Structure formats: C-alpha cells, structure tokens
1. Run through the stretch A:71-149 and list the GluC sites (Glu not before Pro) located in a DSSP loop whose Cβ has at most 11 other Cβ atoms within 10 Å.
2. Give me the count of lysine pairs in the stretch A:119-344 whose alpha carbons sit under 22 angstrom apart, restricted to pairs 8 or more positions apart or on different chains.
3. Report ³J(HN,Hα) in whole Hz for each residue of the stretch B:223-232, in order, from the Karplus equation J = 6.51 cos²θ - 1.76 cosθ + 1.60 where θ = phi - 60°; Gly and Pro get x.
4. What's the FRET efficiency of A:A303 with B:N65 using the Cβ-Cβ distance as r and R₀ = 45 Å, to the nearest 0.05?
5. Sorted from fewest to most neighbouring beta carbons within 10 Å, what does the list A:W208, A:W140, A:W216, A:W189 look like?
6. Which one, A:I273, A:P311, A:P295, projects farthest toward the positive side of the charge dipole computed for the stretch A:119-344 from Cβ point charges (K/R +1, D/E -1)?
7. For B:L272, which sequence-distant residues (separation of 5 or more, or a different chain) have an amide H within less than 5 Å of its own amide H, given hydrogens modelled in the peptide plane?
8. Give the order of A:M150, A:M141 when sorted by the count of other beta carbons within 10 angstrom, beginning with the fewest.
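Derivation of every value follows stated rules applied to the coordinates shown; laboratory data play no part. None of the values given here were measured: they were computed from a predicted structure. Don't worry about glycine lacking a Cβ; one is built from the backbone with ideal geometry, like all the others, and counts go over all protein chains shown.
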Amino acid sequence: MAALDAAIHPVSSENTMLYFVIRRTAFAAVLLLVISAFTFWIFSALPADPAALTCGKNCRPEVIEANRERLGYDRPILEQYGSYMKGIFAGRDYGEEGASIHCSAPSLGYSYDRHECVTTLIAKTLPVTASLAFGAFVLWMAIGIGLGTMAALKRGRWPDRLATGFSVIGVSLPTFFLGLIFTMVFIIWTGLLPFPQYAGITENPGKWFSSLILPWFVLAIVSAATYVRMTRNGMLEVMNEEFVRLGIAKGLPRRRLIVKYVMRAALIPIVTIAGLDFAFLLGGALVTESIFNLPGLGKLTLAAVVNSDLPILVATTLVAAVFIVVANAIVDVLYGYLDPRVRVK
Amino acid sequence: MSVMGLGDTATSPDVASDPQAVGLSPFKLGLQRVRRDRLAVIAFWVVAFYVFIAVFAPVLVRILNIDPYALDREAINDFGLPAGRFGGISWDHPFGVEPGTGRDILGRLMYGARVSLLIGTIGTILTTVVGVTLGIVAGLRRGFIDGLISRLGDVTLAFPSLLLIIALANPMTQRLESWGIPQGNTARLTYILTVLTFFGWVYMARLVRGQVLSLREREFVEAARSFGAGTGHLVFKQLLPNLWPQIIVFVSLSLPGYVALEATLSFLGVGLLAPAASWGIMLGDSVRYYRADPTYLFIPGFTLMILVLAFNLLSDGLRDAFDPRSDRQQL
C-alpha cells in the first residue's frame, strides 16, 4: 500500500512542506547572524568612544580606561562580538569578581548609563509596545478590511468614494501630525481623555486602556489606509476570476460566495503583509510612543539616542530585526499553507 | 507594435504603408491617459505650486517683505507667545509668528518647502539610480551576481530601518564631519540622503529585476542581440524605454514618503536642526506650545499634509495610467 502511494506521489506534499520549513528556518538564522554582525560592527566603528560615554562629562582618564577594560571595549572587535553572542545564550558577567554585575541569559549587554542589564530594560518596555501594537493591529485590520470590502462591493458608488477618500487621506497623514491633532482635540480641547500615563494591564486596566485608546486609533488610521486599498483591489481582482464565475453559475448564494471564496482568496496576501507590518511595529513605534508618552521600546531607543547609550541601541536594533526576520519566515510558510492555489504549484 | 499604437489618433489605417508611423511608447501612452485624469491634473498643479515656492523662496520673501530668520521681539509678548489672536496673524506676518522667537511662519514655511523637496527629490533620484542599476545588472547577468544582489536586498529589508536611521543619526553625522563634510546641517543632509538610498534601493531593484528577467526573453531583445548589439545598446535602447512606466510609478510613490520621512526625522530631533527651516522642526517645536498656540501646530501640519496628499493623488493617477493591470478604469 505504501509502495503504491509512493509511486503515485513520488514526494508527498508533507515532505516538501517540511523541507521548505527547514530551508526557510536556516535562511532566517543566517540572516540574523549577518544582521547581528553588521549591527555590532557599525556601532563599534562609530566615532563615539563607548568607554568615554560610561561616565559623565568631567571624567578622569583613569576611570575611562578602567571602564574600558571592565566592559571589554579594549578587546578586538571580533572577540567582543564573540562574547556578545555567547552572552545571549549563556549570560554574562560585566567587570571583575568583586564589582561584577551578572546579566543572565539572554544577555544583550549592560547599559552603563542606566546601570541595568539591557535585557531587563527590554523586558520592561516590550509589554508596552506589544499592547500598543496588538490593539492597533486589531483596529486597523477591522477598519481596513471592513472599508475595503465595502468599497469593492459597492464599486463606483458613494461607499466606495468614501473608503477611497479615507484611504488617500490616511496615507498622506504623517503619524506624528495625526497624533498631535488627536492630542489637541481629545485631550486639550474637549478634555474627553486625561493626558496619557501608562499603567500595566494587570495593575490598572482602566488606566491602561485610556492611555492606549488614542495611540491605537492613530496607528490604526494611518496603517488602515493602505489596507483599504489592498482589500478593495484584491477583491475586485478575485471577483473577475473563473472560479468565482463558476460559483455564480452554480447558483451559490452571494453572501457565501463572497465570504467563503472571494474574501478568502483576496485576504490571504493581505494577512501575510499585515503580519510583517505587525512585526515591524513590535520593534518599537518610535513616533507614537514619543507623542503619547508610552514607555515602550521606541521610547527606550529614543532616550538611548539622546544619551548615546550604545548597548541599548545595539540591543533594540537586534530585537526589532529578530521580529522582522521571524515574522517573514512565518509568513512565507503560512502563505503556502493557507492558499490552496500556491500549494498546488 | 501595432497594439501599442491603439488609441493613438496619429495611427491612420494605412499605417503599414506609412514608414513614418511609430507605435507610441508606453511612456507617451501613459502621459496621454494622465492628462485626462482631473484629480491628477489638480494634484500636479498643487505640487507645481510648492515647487515654484521652493525654487523662488528667496525672491518671494523679499517681495512679500518678510524675513524667515529675523527675530521679531515686537510680535511676541512677555511670555514668549505670539501677540494677538491666532498665533499672531497680522499684515506683517500673514501666517503668524513662531512662539519664543517671533520669526515669521510664512517665510519659514517657504524655506521649509526647499528642505522637503530637496530631500524628496535628491533622495528619490539616488534611490532610483542605485535601484535601477542593481536591478538591471541582477536581471541581465543572472547567476551569481543576481544571487548576491538579491541576498543583499533580503538583508537590507530585514533591518528595522527607521530605528537604525534614528539610532545612527548623531554619531554618523559626526563621522561625516570628521571626513571633511561641512559641519551642521550639510552633514545632516548628507547623512539623511545616504541612509535613504541605503534602505530604499531594494524595492526599485526588485521591481526592475523582475521586469528585466521577462523582457530579456522577448523577441525584440533577442533580435537586437542577434544583430550583435552590445550591452550598452541593450540597456539604454531596448530595456530602459520599457522600464520607464514602472520607474515613474515608483518615483511618484517614494517622493511623498521621503518628504514625510524628513519631517518625521526633524520632528524627532534627528533630522535638520534649527535655525534651518524645516516643517518637521516647526512641528516638533509646536509640541511645547500647542496648548497656548495651536495655530503653530496646524499651519505647518497642513502645509506638509497638502503636499503629501497632492503627491499621493498624482501618484494614483500615474499608476492608473501607466500600470495596465490597475483597475480604476473598470469603475
């Protein structure tokens, strides 16, 4: 029986899929290695002397030299990269026995400006960015797909014009301008919302929600604009395909045809792009976080820029890159899984 | 070739016997279609208006008798806020004055248009040249070089670009200054243009590579090659004319993106620095005053938004006209 099966399907589709997944994972790993090396190199090659940045402006040269040795900045760059990579998997001690600071794995460095392990800082800020990104994602997909579907179904009539108009204005609104308008209107003029002061969802859900509602909408409006267009055009394109005409000829109810066949085919590429956008946002919504005073990854990065806190900058770049690379890999694999037409090829 | 001439009034029925008859290039065909799109034409004139102001800002400022850099102590009150209603709008200062300094907003907006359009234009040109070159090389050479360029693109896209641009802004500007590029905003401008090109070429290169891969198998390219055409002829006479539509659509998409990005960077304090006039700087500055002086937020904000909107509408029109697959015609 198995032999017969093998004769009919020389390579079973599961094997192809598995092979594809392995290859894609290996590629992602190589990509991350290249990115980490490049990031590490470019921040080390900067004119800023990391050791000189470890203590204030009137710092004695002896202290700088001591810190250079303590933090390993006197070693060759390749060796520094090696210990950085090792730190990610095994944790790392900064400094000698007596005054050493231990950062447990995954250690992404030690911030001399804040006197804290970078991993701790990221663990504190990531939930904020994740809350922001997740809420915005749900909203923008709802607005984008909702308006886009409406536009496609009522093509050429007023709902279509409305959605298309929303879309072109949305893409033209710089995030920070929309953020400032929202602050102006909802916080300063009408006083509907207090000035955002972030609190974790577990400690104060009400405060959490009220500090995030405006940023969610800002990001959602700006991002949804593109999705309205993609959904509309995608659905119009699918509606012209033969399998849809077959469905009509077969007498399928319109609602079922649209939801089950048209939307499914049109939305798969959109959902995959959305995955990438979401991952990009997870790396830190710099503008939105800075306007609405949210202590997330983006705010951490901006503060590190001001203070020339290189270890934090290297780490946030790497973390953001990991999100992008992993999302890319997942999306590629999912795409083949979701779309029957791709699978057949 | 006759297919390309469809819709062209110059193609008379006896086209076969007329040696002068040529099919319209995709470029000219697209241009004809854009002219019929009313919204795109309006958007074009709005953009042209901004360009005019940017180019002639120094002259216009003198005609209107305003000085974008002069500090006007008379125009602000003791708290540093503009004297008078609506951000100090008056005959001397038609759009009001900057809080804190009393500098004229209209004048600064005009000079800000120079910064925005300069970065938008040069950034787009650099990105396009690098992208098209690498795309053509990858598509034409194929094999190892193609693989190298494509993987380089993968790596570039995997970087969190905005984050890296912001993180590297200050130290890289110092580095450029130490290489002899004039200090301050010249070095900052150089940095912004460099990173825009560094992160922006990939999309263009991918687009062009795909086109070249399919074009190089077409009969007219094969014919040219069989006549012994060199690479230069193939690239400039055979391939490029057929790539223009895609290039134009890409350019029209990246211009508004770069204009908005410059404003964002300046807003975050890693773009140009005052006293340079940039809309992003003004908007970043307005955050400190917007409770007392909302005019200072809205005027530069809408100035920026209208330009980006016009660019986007123009780009929609161009895409509909140049991309045969676009479906606005079905409406």
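1. A:E96, A:E97
2. 5
3. Values per residue, Gly and Pro as x: 4, 4, 5, 5, 7, x, 5, x, 4, x Hz.
4. The formula returns an efficiency of 0.55 here.
5. A:W189, A:W208, A:W216, A:W140
6. Result: A:I273.
7. B:S266
8. Placing the least packed residue first, the sequence is A:M150, A:M141.
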